[in-house]
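Data block below; observations after.
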Amino acid sequence: MTSAQSIQTLTGWAQYPRREAPVLRPERYRLLEKVVLADDTPLIARGCGRSYGDAALDGDGRVVDMLRLDRILDFDPRSGLLRAEAGLTLQALIECLLPQGWFPSVTPGTRHVTLGGCVASDVHGKNHHHEGSFSAYVDGLSLIDAHGQAHWLDRTKTPDEFHATTGGMGLTGLIGEVALRLKRVETGYIETRHHPARDLQTLMARLADPEYDDDYTVAWIDCLRGGRGILMRGHHAPLESLPAAWRRHALSPPARAVRSLPFDLPRGLLNRHTVSAFNALYYRANLRGGTEARLLDYRRFFYPLDTLGNWHRLYGRSGFVQYQCVLPDDTADNGLRALLARLQSAGLSPFLAVLKRMGKAGPAPLGFARAGYTLAMDLPLFGEQALHLCAELDAITLAHGGRVYLAKDACLDGDRFRSMYPRYREWLQVKRRLDPENRFVSALARRLSIPDD
């Protein structure tokens, strides 16, 4: 049975915006049809709630909590092909299959996300410049349409519907099951090196330099000091590289205790002075560490923020917005400088900012990725200042041929969205075929005026 419908106040991970909505939590996959057909109110799927903005909210419709639909349906230990319900989280997947030598081919910066959310956002990771986005390893998926009927989609037989759903932000239907190809690994450890860079130009050059490349690369960036940063690179450690004492738990690294923030910190604790002090300490610590290889367990390398539960509470109850954009190679240098300069003049201090190199765009019409550089940074919400600043950053991004990541966004307007995503009309035609009555709608879709098209 489905759980009783309850009215809940929901947010994204950044705690902005907030929407009150009826929430349904189906207990079994077969009940999704009943959820869709219960009435004609619009609906949107929600997993762990880790999209930062309003992609999994809707104050004018129903929200379908998919977390109970988390069963592994089939796994081939020879090929690494997994078939599972869309509510399965990456954390549960890794805990089950890493001991057998399998790991997600692409993973975002948190393991507290569902397979359905990864598909809908077409997430990317530290290896996009080599491996592409999450959907590159999705062999197929089931999509429940506006009539409650399930359809199996794949890139060969139904390419338009498949690619419209990967990166489609849940607006083509409810993703019910996912077939995903995993990668074989010998250990659960990453062999990593850190390289300091004194300024943005050096940091970008090293991200593009084959000498500093690896399977995974990412850079921490100090937005308050001209873009200096630390390039972090790594690859899955082979068994032979582990100390002898570690090899007996090579595929099951001991987990450290996760500490959690029990309450929202006072507003303004993260300010220009505290962030500047933290950045200086972090940069100097990595200068002392040198560039020798270190072994980190996969949690510390891929999911460092997961080691602090409820870390979004650092920003207080008012929350924050995470701004993430991608700029093409030929304009990235000037574009990133313009973004950082505007950030400096605004006086806002991102506590966390990362820079990554991205590979070529995939086939999804609403896919975020493209060849170039992506910058992501957290902006504390103090009144309307951060929201106005995001609009200015959107203008800079658009002027340099870039676009904003919808899974992180909370501020983009419809006109700029259509300019940033030139294949939107192509996507919209497929959505109209799959959802002619606009049954699948989110607060994000309403903000971008998608239901009005």
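Roughly what % of Cα-Cα distances in the range 294-347 sit above 17 Å, to the whole percent? Cα-Cα pairs in the range 294-347 separated by more than 17 Å: 63 percent. Along the range 185-198 the Karplus relation, 6.51 cos²θ - 1.76 cosθ + 1.60 evaluated at θ = phi - 60°, assigns HN-Hα couplings of 9, 8, 9, x, 10, 10, 8, 10, 9, 10, 10, x, 9, 6 Hz to successive residues, with x for each Gly and Pro.
One way to sum up the overall shape of the range 189-411 is the equivalent ellipsoid from its Cα gyration tensor, whose semi-axes run 29, 23, 17 Å, largest first. Against the empirical 2.2 N^0.38 Å (N residues), the chain has a Cα radius of gyration ratio of 0.95. Sorted from greatest to least, the principal axis extents spanned by the alpha carbons of the range 72-186 come out as 43, 30, 27 Å. By the Cβ distance rule of under 4.7 Å, the chain has these cysteines without a partner: C48, C96, C118, C223, C325.
Using a Förster radius of 60 Å, what is the FRET efficiency between R272 and W152 based on their Cβ-Cβ separation? Nearest 0.05, please. Step by step, r from the Cβ atoms, then E = 0.70. Neighbour counting of Cβ atoms within 10 Å sorts the residues R155, R267, fewest neighbours leading, into R267, R155.
The lysines within cross-link reach of K126, meaning a Cα-to-Cα straight distance under 17 Å and a gap of 8 or more places when in the same chain, are K183, K356, K360, K408. Within a Cβ distance under 14 Å of D76, other residues only, what is the Lys/Arg minus Asp/Glu net charge? With Lys, Arg at +1 and Asp, Glu at -1, the net is +3. In terms of other Cβ atoms within 10 Å, F351, F162 run from fewest to most in the order F351, F162. Neighbour counting of Cβ atoms within 10 Å sorts the residues T11, T156, fewest neighbours leading, into T156, T11. Relative protection proxy for 241-249, 106-114, 68-76, from highest mean packing down: 106-114, 68-76, 241-249 (other beta-carbon atoms within 10 angstrom). Most simply put, the range 1-105 has about 60% antiparallel DSSP beta bridges, counting only bridges with both residues inside it. When the alpha carbon gyration tensor of the range 20-88 is reduced to an equivalent ellipsoid, the three semi-axes, largest first, read 27, 15, 8 Å.
With q set to 0.18, 0.20, 0.25, 0.29 Å⁻¹, the log10 of I(q)/I(0) for the range 7-51, from the Debye formula over equal scatterers at the Cα positions, is -0.64, -0.76, -1.02, -1.16.
Under a 5 Å amide H cut-off, with hydrogens placed 1.01 Å from N, R62 pairs with L43, I44 among residues at least 5 apart or on other chains.
Any read-out appearing in this document is the output of simple, stated calculations on the displayed coordinates, not a laboratory observation. Predicted, not measured: the structure shown is a model, and the values here were computed from it. Glycine gets a Cβ as well: all are built from the backbone with ideal geometry, and neighbour counts include every protein chain shown.
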